[in-house]
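Heads up: the structure comes next, in structure tokens.
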Amino acid sequence: TLKILQADPIVNPKYDTETPIYIGGELPKIGLSTGDTEGTIEWNEYTLDEIGTKSYGWTFTPTDEVNYTTKTGEEEFSISSLPVKNIEVKTPPTKLTYYAGEKLNTEGLVIIVTYTNGATVEITEGFKCTPTTFSKAGERSISVTYGGKNARFTVEVEYYKINDYSYRLDEDSNAIIT
């Protein structure tokens, strides 16, 4: 029995290496070099939602799929940030009610960041919130800062109730029974 194996295709991806790539943008158009096996090459599904260096995959599909195998590979790119145009709170944190003295929990907070090129990304970390602790009861406005821009959400702060007594914390975090 004669077994004929598929050949490995010759694939040397080419793409623009000079143009900067920005968060929320696109990877450069990918193509084949002269002398490569005939076929098509394209980037695998991706999103440019993180700043830094990361590898992105591609897939080559030969025109002659009987005699050549499909080939995959990766290319590394550095993703840069643009200036932030604005931010907004898409989803407030899961916890919105606190007792005096508790610290802010940002779990569940989703911020939409819009860059100057119009690209938008959702982030769940890397922002700063103030204030982060609460000493007085009532509705409190929380400022979220990212990329020099601000957005707000509100939380409700309550005093603890023990039987028919309640207490609050003074400026030095001392309990005052009322």
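Looking at Tyr159, Thr94, Gly108, which one has the Cα that reaches farthest to the positive end of the dipole of segment 61-178 (charges on Cβ: Lys, Arg +1; Asp, Glu -1)? My answer, from the dipole projection, is Tyr159. Compared with the alpha-carbon gap, the fully stretched path from Glu74 to Ser33 is longer by 13.2 nm at 0.36 nm per residue.
Accessible surface of Asp64, taken over heavy atoms with a 1.4 Å probe and every protein chain present, rounds to 60 Å². Could you compute the FRET efficiency for Asn150 and Ala175, with r as their C-beta to C-beta distance and R0 at 35 Å, rounded to 0.05? Using R0 = 35 Å, I get an efficiency of 0.60.
Does segment 1-76 come out rounded, prolate or oblate by the C-alpha gyration tensor, with a ≥ b ≥ c the root eigenvalues, rounded set by a/c under 1.5 and, if not, prolate when a/b is larger than b/c and oblate if not? Prolate. When both bridge partners sit in the chain, DSSP labels roughly 90% of those beta bridges antiparallel. Modelled this way, with points 7 Å down the Cα-to-C-beta line, the labels at Lys14 and Thr59 are 2.5 nm from one another.
Checking the cross-link pairs Lys29/Lys128; Lys14/Lys71; Lys14/Lys85 against a 25 Å limit on the alpha carbon distance flags Lys29/Lys128; Lys14/Lys85 as lying beyond it. The magnitude of the dipole of segment 1-128, with charges of +1 and -1 set on the Cβ of Lys/Arg and Asp/Glu and taken from the Cα centre, is near 480 debye. Entry note, the chain: relative contact order of 16 percent, from Cα contacts under 8 Å with a spacing of 6+ residues. Counting only aspartates and glutamates at least 8 places from Lys149 when in the same chain, those with an alpha carbon closer than 12 Å to its own are Glu88. Accessible surface for Arg140 stands near 70 Å², nearest 10, in the context of the full protein assembly shown (1.4 Å probe). Here the chain has 45 percent of its accessible surface on carbon and sulfur atoms, given a 1.4 Å probe and all protein chains in place.
Answer with a single label: of (1) 26.9, 94; (2) 15.9, 51; (3) 23.8, 89, which was calculated as Rg and Dmax of the Cα atoms in Å from the structure in view? The value matching this structure is (1). One Cα centroid belongs to segment 23-51, the other to segment 77-92; the line between them spans 23 Å. Taken per residue, the accessible surface of segment 56-178 reaches 62 Å², heavy atoms only and a 1.4 Å probe.
Placing pseudo-labels 7 Å out from each Cα toward the beta carbon at Glu139 and Asn67 gives an inter-label distance of 7.4 nm.
The values are calculated or read from the model by the stated rules, or taken from the named source; none is laboratory data. Predicted model only: the values in this text are computed from it and were never measured. Note that each Cβ is placed from the backbone with ideal geometry, even for glycine, and that neighbours are counted across all protein chains shown. The area values use the complete protein model at the heavy-atom level, side chains included, leaving out ligands, DNA and RNA. Shrake-Rupley method; radii C 1.70, N 1.55, O 1.52, S 1.80 Å.
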